[in-house]
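A short write-up of the structure that comes next.
The values are calculated or read from the model by the stated rules, or taken from the named source; none is laboratory data. The structure presented is a predicted model; accordingly, all values stated were derived computationally and were not measured. Methodologically, a virtual Cβ is constructed for each residue, glycine included, from the backbone with ideal geometry; neighbour enumeration extends over all protein chains shown.
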């Protein structure tokens, strides 16, 4: 990759969102040797580093899908309340029991949900279709609708030797359940990548200096904690550095503190102003800038490149300092990169097609990402902006269910029109929603 021009001579690349995403992800790939074995209880959010096959058949036998009576279907054919079929009850099976005798013609065994089906039985009659053994040792079958039904076949879930989970699967609560069903107490996962987060700006105040915010002498450093949480949610390990003022020496010292991290995320100092010392400090450290500027709003002054760190390269993301800009650029570029290098097979958020519940303005020549609230009580789901969309505002991030994408050239999304929305991590409440046409799977 050719070295970048001097800072003052740098011409903005103005990539499209798609071009920028491709440039970032083309450089990302998990180190296949970087894996570790962790306890199942510690595996949530990690990516599997091995294919896993079933070593047992589940369920191991045919079993009952409900409480009732295990019978031969031929015995209950034609049963009705006017013409009940009377069977002799010869046993009881609970979940965890093993059958000790078969079901012969004219017989029934009382059975609980999950209990193995005894030999000879091919049906389970639900209890409400019987008299509940009004006569001890005998049961009257009052309906034949369950003949041949309510039996869960053995091996329906998995059979020994089946490929159940592939390397790269993200371990979520459902996958944890599958791993437990496979008998795994531990699992091989890709190592977490470490991400140093450097926020800059004379005006920033951490929580212990919030009195300055109250007096109007500073603004809260919301980006640091927000991005640390986003890094954790992407399965990586945040290394949060103290925010530093707009001083090149202070930035240089912070870069030295960040040198062991696999990835560096800088926040602020992303434009070309004289006070923007971050890029100058990075270039002094040997930054090879891949690109700077993306045709999007918020977050256009986003950058991506590398710092030499001995025999390796440290990936460097330059995020704008406004909270909404930092949030959106992390979602679009940093998060998928971290997932990819963390070994995850799926790195894109799910996108769905929604109806604009109000006029959503676009931005000429830019792809606009509007923070929206999704109403899933209607079909198709309807979206409205969270409120004012200035990139310096932070409160709307807490209410945003997704990012409505208004592509460059579209101009706007009038009320009632269709707009694609990227779902954010906390998801939405309400009924399922249809996927957007051509949208990548999450």
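Can you find a residue in the stretch 313-328 that is under 19 Å from the mean Cα position of the chain (by Cα) and either in the same structural domain as residue 392 (by TED's automatic domain parsing) or not in a strand (DSSP E or B) (or both)? If you could, list the steps in order and put the result at the bottom.
First pass over the stretch 313-328, keeping only residues under 19 Å from the mean Cα position of the chain (by Cα): 327-328.
Now restrict to residues that are either in the same structural domain as residue 392 (by TED's automatic domain parsing) or not in a strand (DSSP E or B) (or both): 327-328.
Scanning the stretch 313-328, I find at least one residue that is under 19 Å from the mean Cα position of the chain (by Cα) and either in the same structural domain as residue 392 (by TED's automatic domain parsing) or not in a strand (DSSP E or B) (or both), so the answer is yes.
Working only within the stretch 218-233, note down all residues that are at pLDDT 95 or above and either crowded, with 21+ Cβ neighbours inside 10 Å or part of a strand (DSSP E or B) (or both). Selection gives 227, 230, 231.
For the stretch 57-92, the tally of residues that are out of contact with any helix residue (DSSP H, G or I) (no Cβ under 9 Å at 6 or more places or on another chain) and within 28 Å of residue 164 (Cβ to Cβ) stands at 8. Across the stretch 363-375, the number of residues qualifying as surrounded by 19 or more Cβ atoms within 10 Å (Cβ to Cβ) and either outside the structural domain of residue 397 (by TED's automatic domain parsing) or modelled with pLDDT under 95 (or both) comes to 1. Residue 349 fulfils the conditions (1) closer than 30 Å to residue 29 by Cα; (2) more than 23 Å from the chain's Cα centre (by Cα) except for a single criterion, (2).
In the stretch 51-60, which residues are part of a loop (DSSP other than H, G, I, E, B) and surrounded by fewer than 16 Cβ atoms within 10 Å (Cβ to Cβ)? Explain how you work it out, then say what you get.
Kept after step one, since they are part of a loop (DSSP other than H, G, I, E, B), are these residues of the stretch 51-60: 51, 54-57, 59-60.
Scanning the stretch 51-60 gives 51, 55, 56, 60.
For the residues 246, 186, 211, 253, the requirement of being in contact (Cβ under 8 Å) with a residue 40 or more places away in the chain and over 31 Å from the mean Cα position of the chain (by Cα) singles out 246. Any residue that is farther than 30 Å from residue 189 by Cα, modelled with pLDDT of 95 or more and assigned to a helix (DSSP H, G or I) - is there at least one of those in the stretch 83-97? No; the residues of the stretch 83-97 include none that is farther than 30 Å from residue 189 by Cα, modelled with pLDDT of 95 or more and assigned to a helix (DSSP H, G or I).
The residues of the stretch 234-252 that are in a loop (DSSP other than H, G, I, E, B), within 29 Å of residue 191 (Cβ to Cβ) and at pLDDT below 90, listed by number, are 242, 243. Among the residues of the stretch 67-88, the ones that are surrounded by fewer than 17 Cβ atoms within 10 Å (Cβ to Cβ), in contact (Cβ under 8 Å) with a residue 24 or more places away in the chain and over 50 Å from the mean Cα position of the chain (by Cα) come to 5 in all. Restricting attention to the stretch 102-136, the residues that are under 46 Å from the mean Cα position of the chain (by Cα) and part of a strand (DSSP E or B) total 8.
In the stretch 23-44, of all residues being crowded, with 18+ Cβ neighbours inside 10 Å and part of a loop (DSSP other than H, G, I, E, B), the one that is modelled with the highest pLDDT corresponds to 43. Residues in the stretch 373-388 that are closer than 17 Å to residue 325 by Cβ and touching a strand residue (DSSP E or B) at 6+ places or on another chain (Cβ under 6 Å): 385, 386. Going by what's in this entry, would residue 348 be described as in a loop (DSSP other than H, G, I, E, B) and either modelled with pLDDT of 95 or more or within 30 Å of residue 35 (Cα to Cα) (or both)? Judged against the criteria, residue 348 is a match. Select from the stretch 273-309 the residues that are out of contact with any helix residue (DSSP H, G or I) (no Cβ under 8 Å at 6 or more places or on another chain) and at pLDDT below 90 and write down the one among them that is farthest from residue 223 (Cα to Cα). Among them, the one singled out is 274.
Scanning the stretch 385-412 for residues that are in a loop (DSSP other than H, G, I, E, B), within 13 Å of residue 328 (Cβ to Cβ) and modelled with pLDDT of 90 or more gives 386, 389, 390, 391, 400.
Restricting to the stretch 180-217, and then to whatever is assigned to a helix (DSSP H, G or I) and at pLDDT 95 or above, can you tell me which residue is farthest from residue 60 (Cα to Cα)? Walk me through it before giving the result.
The first filter runs over the stretch 180-217 and keeps only residues assigned to a helix (DSSP H, G or I), leaving 180-181, 207-215.
Right, trim to at pLDDT 95 or above and you get 180-181.
On the way: 180: 16, 181: 12 Å.
Step by step, filter the stretch 180-217, then rank; the result is 180.
Every condition in (1) loosely packed, with under 13 Cβ neighbours inside 10 Å; (2) at pLDDT 90 or above; (3) closer than 25 Å to residue 365 by Cα is met by residue 9 except one, and the failing one is (2). When the criteria are applied in full, residue 267 fails the requirement of being in the same structural domain as residue 310 (by TED's automatic domain parsing), modelled with pLDDT of 95 or more and either in contact with a strand residue (DSSP E or B) (Cβ under 6 Å, 6 or more places away or on another chain) or buried (at least 21 other Cβ atoms within 10 Å of the Cβ) (or both).
Give me the pairs: first residue in the stretch 375-391 and at positive phi, second residue surrounded by 17 or more Cβ atoms within 10 Å (Cβ to Cβ), beta-carbon distance under 8 Å, and six or more apart or on different chains, which are they? Every condition considered, the pairs that remain are 387/396.
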